[in-house]
Amino acid sequence: MITALRGMKDMLQDRSKLYEYIVKTCEDVAKNYGYTQIKTPHLEETALFKRSVGESSDIVGKEMYQFTDKGNNDVCLRPEGTAGVVRAYIEAKLDRAGGVYRWFYHGSMFRYERPQKGRLREFHQFGVECFGEASVYEDASIILMISEILKRLDIKATLKINSLGDVSSMASYKEKLVKFLDANESEICDDCLRRKELNPIRTLDCKNEKCQEIYQNAPLMIENLSKEAADDFDKLKKILDENNIGYEVDPKLVRGLDYYCKTAFEFISNEIGSQSAVAGGGRYDRLVEYLGGKASYGVGFAMGIERIMEILSSRDIKNERNGVYICALDEQNLDFVYSLGTKMRDKFKVEISYEAKKLQKHLQIADNKGAKIFLCIGENERANSQIWYKNLDNKTEKTINLNELEKELDNE
Ligand code: ATP
Ligand code: MG
């Protein structure tokens, strides 16, 4: 038997419903914040991710689904969403046109990681990107947007924030950090030695306990911010306070990707074990230029949908009854029921039963399917142009004339 690949999962029945519900919630909120949908290809030139995500990252270093296609092109399944959206923005020349653009996306991402709880090889993200907006108000809005999404999903998560400084503060900070790393060279892990050369701030993010102990004494970015970056960070905190959004400042929070500056943040859940980051994001004012566009501001986030599903699936979410189930008791009324049900689909969700059965049997099926309204035609009803009508929520039942049916359903 052919099965799905390791680390890749089907979503069916309850899982696909849950996916739809989460994405719908995210979209509703993002639209309220002025974001509209963007779709970009799943497959891009490998060079795009190498440049944008950065050679020093785990993603490019170890996790890419990279291959040569039949035309001998070096291509890669997208490991994250931002790079493709930036490419699309530059390709449409919107960096040159100027203005502010706000987009959301959702869909599959691919990373060749060791499959485990919370870590898949094909997973899904919902994310947003805003281009052309320098103001920290937008950074704040994005964090408020995620908080609202989590609130609507009834998920509690801890928000961690940090500032990575702007270009000028970053350069002088890096020097200090490298000096510190040089002094501790014999103690830190091999990965950190590699990071020290490629992108030293990523060392702070190391999962190795020994390294973390050493980095207790490392110089911190937020103690080395330029005035502008420090002012923005203060303003961000003030807005979060005013909106009653709790947060922790985590001076060692660096995003996994190389192009962030100023605001960096992560939402962590304590409901799903060690792969606990549910969403992360921040400002990336240098990325558009890195990718060959005209320097433009950028800020965004991405949320791991499977990790949200993991939190919600352990809960007992009450499925509300909805839709209509329509059926016949006798063979000769099946065509009539089929045609009536089909017409009703212009307006309502209708499940049509294709077989004649006893009333009790039909009621049982409708109940299992979660229908709200049960409609049934027998000999008497047919003869009198009537239909038997039952609301499976409040259990009221009655026989009504067919010409009143639409009005009755509208009133439900
Ligand atoms: P982690 O530290 O867990 O590896 P990351 O820094 O690699 O996360 P991002 O690149 O910031 O993650 O992606 C944003 C979100 O996507 C994460 O917060 C997480 O919820 C989700 N995510 C990342 N990798 C995976 C994966 N392999 N499987 C499922 N979800 C993932
Ligand atoms: Mg990762």
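Need the failing condition index for Asn333 against (1) more than 30 Å from Ile59 (Cβ to Cβ); (2) open to solvent by 10 Å² or more (accessible area, probe 1.4 Å); (3) among the polar types (S, T, N, Q), just the number.
(2)
Within the stretch 258-369, considering only helices (runs of 4 or more DSSP H) that don't extend past its boundaries, which have at least 1 residues that are modelled with pLDDT under 95 and small (Gly, Ala, Ser)?
305-313
So, in the stretch 93-115, of the ones that are among the basic types (Lys, Arg), outside any strand (DSSP E or B) and more than 12 Å from ligand 2 (Cβ to nearest atom), which residue ends up farthest from Gln275 (Cα to Cα)?
Arg96
Quick check on this structure: which one of Ser168, Ser147, Ser172 is closer than 30 Å to Ser314 by Cβ, small (Gly, Ala, Ser) and either in a helix (DSSP H, G or I) or not assigned by TED's automatic domain parsing to the domain that holds Thr263 (or both)?
When all the criteria are applied, what remains is Ser147.
Among the residues of the stretch 269-282 satisfying the criterion of being more than 15 Å from the chain's Cα centre (by Cα) and more than 26 Å from Ala218 (Cα to Cα), which is most open to solvent (accessible area, probe 1.4 Å)?
Asn270
Within the stretch 217-234, can one find any residue that is within 23 Å of Arg307 (Cβ to Cβ) and surrounded by fewer than 17 Cβ atoms within 10 Å (Cβ to Cβ)?
The answer is no, given that none of the residues of the stretch 217-234 is within 23 Å of Arg307 (Cβ to Cβ) and surrounded by fewer than 17 Cβ atoms within 10 Å (Cβ to Cβ).
Can you tell which of Gly304, Gly341, Gly300 is outside the structural domain of Pro79 (by TED's automatic domain parsing) and either open to solvent by less than 50 Å² (accessible area, probe 1.4 Å) or away from ligand 2 (no atom under 16 Å from the Cβ) (or both)?
Unique residue meeting the criteria: Gly341.
Write out, first by first residue and then by second, each pair whose Cβ atoms fall under 6 Å of each other, whose residues are 6+ apart or on separate chains, and whose first residue, in the stretch 50-64, is free of Cβ contacts under 8 Å to residues at least 60 places away in the same chain and outside any helix (DSSP H, G or I) while the second is more than 11 Å from ligand 2 (Cβ to nearest atom) and open to solvent by less than 20 Å² (accessible area, probe 1.4 Å).
Once the first residue is free of Cβ contacts under 8 Å to residues at least 60 places away in the same chain and outside any helix (DSSP H, G or I) and sits in the stretch 50-64, its partners that are more than 11 Å from ligand 2 (Cβ to nearest atom) and open to solvent by less than 20 Å² (accessible area, probe 1.4 Å) give Met64/Cys76.
Here are some conditions: (1) in contact (Cβ under 8 Å) with a residue 40 or more places away in the chain; (2) out of contact with any Asp or Glu (no Cβ under 8 Å at 6 or more places or on another chain). Gln332 meets all but one. Which one does it not meet?
Result: Gln332 fails condition (1) only.
Please go through the stretch 2-61 and give me each residue that is among the hydrophobic types (A, V, I, L, M, F, W, C), surrounded by 15 or more Cβ atoms within 10 Å (Cβ to Cβ) and farther than 24 Å from Pro115 by Cβ, ordered by number.
Answer for the stretch 2-61, where residues must be among the hydrophobic types (A, V, I, L, M, F, W, C), surrounded by 15 or more Cβ atoms within 10 Å (Cβ to Cβ) and farther than 24 Å from Pro115 by Cβ: Cys26, Val29, Ala30, Ile38, Leu48.
How about the stretch 200-216: which of its residues are open to solvent by less than 30 Å² (accessible area, probe 1.4 Å) and outside any helix (DSSP H, G or I)?
Result: Cys206, single match.
Output the number of residues of the stretch 344-393 satisfying the condition of being of a type in the set (S, T, N, Q) and surrounded by fewer than 15 Cβ atoms within 10 Å (Cβ to Cβ).
6
Any residue in the stretch 246-268 that is within 20 Å of Lys174 (Cα to Cα) and open to solvent by 70 Å² or more (accessible area, probe 1.4 Å)?
For the stretch 246-268, residues within 20 Å of Lys174 (Cα to Cα) and open to solvent by 70 Å² or more (accessible area, probe 1.4 Å): absent.
Restricting to the stretch 116-137, what's the tally of residues that are part of a loop (DSSP other than H, G, I, E, B), at pLDDT 95 or above and within 12 Å of ligand 1 (Cβ to nearest atom)?
Qualifying residue count for the region: 2.
Any residue in the stretch 169-184 that is among the aliphatic types (A, V, I, L, M) and under 32 Å from the mean Cα position of the chain (by Cα)?
Yes, the stretch 169-184 contains a residue that is among the aliphatic types (A, V, I, L, M) and under 32 Å from the mean Cα position of the chain (by Cα).
Looking at (1) among the hydroxyl-bearing types (Ser, Thr, Tyr); (2) open to solvent by less than 50 Å² (accessible area, probe 1.4 Å); (3) touching a residue at least 24 places away in the same chain (Cβ under 8 Å); (4) away from ligand 2 (no atom under 16 Å from the Cβ), which is the only condition Ser135 fails?
Unmet condition: (3).
Restricting to the stretch 67-92, name every residue that is away from ligand 1 (no atom under 16 Å from the Cβ) and either on the phi > 0 side of the Ramachandran plot or assigned to a strand (DSSP E or B) (or both).
Matches in the stretch 67-92: Phe67, Thr68, Asn72, Asp74, Val75.
If you scan the stretch 369-401, which residues turn out to be of a type in the set (A, V, I, L, M) and over 17 Å from Asp330 (Cβ atoms)?
Matches in the stretch 369-401: Ala371, Ile373, Leu392, Ile400.
The values are calculated or read from the model by the stated rules, or taken from the named source; none is laboratory data. Every value quoted in this text rests on a predicted model; they were computed, and no experiment measured them. Neighbour counts are summed over all protein chains in view; Cβ atoms, including those assigned to glycine, are modelled from backbone coordinates with ideal geometry. These area figures cover heavy atoms from the full protein model, side chains too; ligands, DNA and RNA do not enter into them. Shrake-Rupley method; radii C 1.70, N 1.55, O 1.52, S 1.80 Å.
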